[in-house]
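Read through the structure below, which is laid out as structure tokens, and then see the notes.
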Amino acid sequence: MAQVSLVKCISNYRVSSVLNRDVTSLGKQNLFDPNPETCWNSEQGTPQHILVEFAPCVRIHSVCVQFQGGFAGKDTRLIDMDRKEEICALFPDDNNKVQVLELPKNEQGVARRRIKLQFATSTDFYGRIVVYSLDFKGSVADDVELPAKTTNDSCASDAVITIV
């Protein structure tokens, strides 16, 4: 199946912090906008994270991220928040280029609804992270239907769920 941008499938997202609480100029909305001059800039301190929720469930094949050189994430982990387990470690470079970070093949077919991109440390001495763009490539998990909204919605099973 063709890999497409999953940004349109994002239903909600949060970040751990915003530098000087300047959400207008440096907030989370800049992660997915098409403007190459805007960015999310975290406050200092570690860890930092980006939490993303998808609707419908998706199968993520790669994470595409562009940091500001000198403010890149290190010790980066992708975490499945519904299963409460690490999907994989990611190893971005400390540069300004858009980087495509592929998930392991055995993780690419798993349907997911909530993920966290966690930066345990940063290349910045103070722990700040600056992200100019973020995208997820993959496919919609068409064979997984979510039940009506409950407190424990998840895509934990790749089986088709039908509501009776």
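The values are calculated or read from the model by the stated rules, or taken from the named source; none is laboratory data. In this text, all values refer to a predicted model and were calculated from it rather than measured experimentally. A quick note on method: Cβ atoms are made from the backbone with ideal geometry, for glycine too, and the neighbour counts reach across all protein chains shown. For accessibility, only protein heavy atoms count, side chains too; no ligands or nucleic acids. Shrake-Rupley method; radii C 1.70, N 1.55, O 1.52, S 1.80 Å.
Overview of values
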quantity: Heavy-atom accessible surface of region 44-126: percent carbon and sulfur, 1.4 Å; calculated: 49 percent
quantity: Partner lysines for Lys28 [C-alpha distance under 24 Å; skip if fewer than 8 residues away on the same chain]; calculated: Lys8, Lys74, Lys84, Lys97, Lys116, Lys137
quantity: Potential lengthening between Gln44 and Thr24 on full extension [0.36 nm per residue; Cα-Cα distance subtracted]; calculated: 5.4 nm
quantity: 18 Å Cα-Cα reach of Lys105 towards aspartates and glutamates, excluding residues that sit fewer than 8 places from it in its own chain; calculated: Asp80, Glu85, Glu86, Asp158
quantity: Cβ crowding within 10 Å averaged over residues, with 44-51, 3-10, 111-118 ranked highest first; calculated: 111-118, 44-51, 3-10
quantity: Relative contact order of the chain, defined on C-alpha pairs under 8 angstrom at six or more residues apart (%); calculated: 31 percent
quantity: Local electrostatic count at Gly27 - Lys and Arg +1, Asp and Glu -1, tallied over other residues with Cβ under 15 Å; calculated: 0
quantity: Cα Rg, Dmax (largest Cα-Cα span) when computed across the chain, Å; calculated: 15.8, 55
quantity: Loop sites in region 1-99: GluC sites (Glu not before Pro), DSSP, at most 11 other Cβ within 10 Å; calculated: Glu37
quantity: Accessible area in square angstrom per residue, the chain, 1.4 angstrom probe; calculated: 52 Å²
